[in-house]
1. Report the accessible area of SER132, computed with a 1.4 Å probe over the heavy atoms of all protein chains in place, in Å² rounded to the nearest 10.
2. Mind checking the angle between helix 44-58 and the chain's longest principal axis? C-alpha axes, 0 to 90 degrees, to the nearest 10.
3. Given a Förster distance of 35 angstrom, what is the FRET efficiency for THR178 paired with SER151, based on the Cβ-Cβ distance and rounded to 0.05?
4. Report the gain in length on full extension from ALA168 to LYS71: 0.36 nm times residue separation, minus Cα-Cα distance, nm rounded to one decimal.
5. Quick check on my link table: of LYS85/LYS171; LYS60/LYS123; LYS123/LYS150; LYS123/LYS171; LYS63/LYS123, which ones sit more than 26 Å apart, alpha carbon to alpha carbon?
6. For LEU19, which sequence-distant residues (separation of 5 or more, or a different chain) have an amide H within less than 5 Å of its own amide H, given hydrogens modelled in the peptide plane?
7. So what is the calculated 222 nm ellipticity per residue for the chain, using -39500 (n - 2.57) for each DSSP H run with n of 4 or more, over all residues, to the nearest 500 deg cm²/dmol?
8. Using Cα atoms only, what is the angle between the long axis of helix 2-12 and the major principal axis of the chain, expressed in degrees (0 to 90) to the nearest 10?
Amino acid sequence: LAGMKAALDLSKLGRKVTLIESTATIGGKPLKDVKDYKFPKRDATLDYIDTIMMDVEWDKNVKTMTLTTVKSVARDEKTKTFKLKLFTKARHVFDVCTSCQLCVDPCPVTVPNEYSDGVGTRKAVFLPNFYSSPRFYVIDENTCLWYKDKSCRACEEVCPVDAIRFDADQKDTETEVTVDAVVIATGA
């Protein structure tokens, strides 16, 4: 929540912001702790977090990089900037995903859902939670049969927008960005 709020405040000042999130969705720990099963009548806290997430998603000055971690930070004293080396894990679902959910039912894999504190299960292709932003599905390569032994393409076969293409699969990437400042909001 602190990272999203800082990004929005900086954007209001006219700054370009890159919001880096290590998981598949922004929202952090508050989103994980505030669940519909705990607040079935839609608590105001959920509405507040959801509103901030939408503001971040639609803000033209904020670029969100999910599944991304900072590998290193180096300060350039001459230009007074920072160089960040970033590692982005592949989502394995392209951003044309419409969140139609058609890919979920055919998936034969069911595992405990670590995104809901162990309550319930999820498939190898999943949306981390109802409020995920960006609202794109993710394929867990540790549980997906395609990545284990290439025995299943069920999600790819039913995707109406070709958001899942194993033959043209996404790869993990490393990039470098230069920024004027770094704000650390770890959610601790």
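1. That residue has around 10 Å² of solvent-accessible surface.
2. So the inclination is approximately 80 degrees.
3. Working: r = 43 Å, r/R0 = 1.24.
Efficiency, rounded to the nearest 0.05: 0.20.
4. On the way: separation 97, 0.36 × 97 = 34.92 nm, distance 2.63 nm.
Net length gain for the segment: 32.3 nm.
5. Table pairs above 26 Å Cα-Cα are LYS60/LYS123; LYS63/LYS123.
6. Under 5 Å from the amide H of LEU19: LYS63, THR64, MET65.
7. On the way: 5 runs with 42 residues, N = 188.
It comes out at -6000 deg cm²/dmol, rounded to the nearest 500.
8. Result, in degrees: 60.
The values are calculated or read from the model by the stated rules, or taken from the named source; none is laboratory data. This one's a predicted model, so the numbers in the text were calculated from it and none came from an experiment. Neighbour counts run over all protein chains shown; Cβ positions are idealised from the backbone, glycine included. For the accessible areas, the whole protein counts, side chains as well, though only heavy atoms, and no ligand, DNA or RNA atoms are used. Shrake-Rupley method; radii C 1.70, N 1.55, O 1.52, S 1.80 Å.
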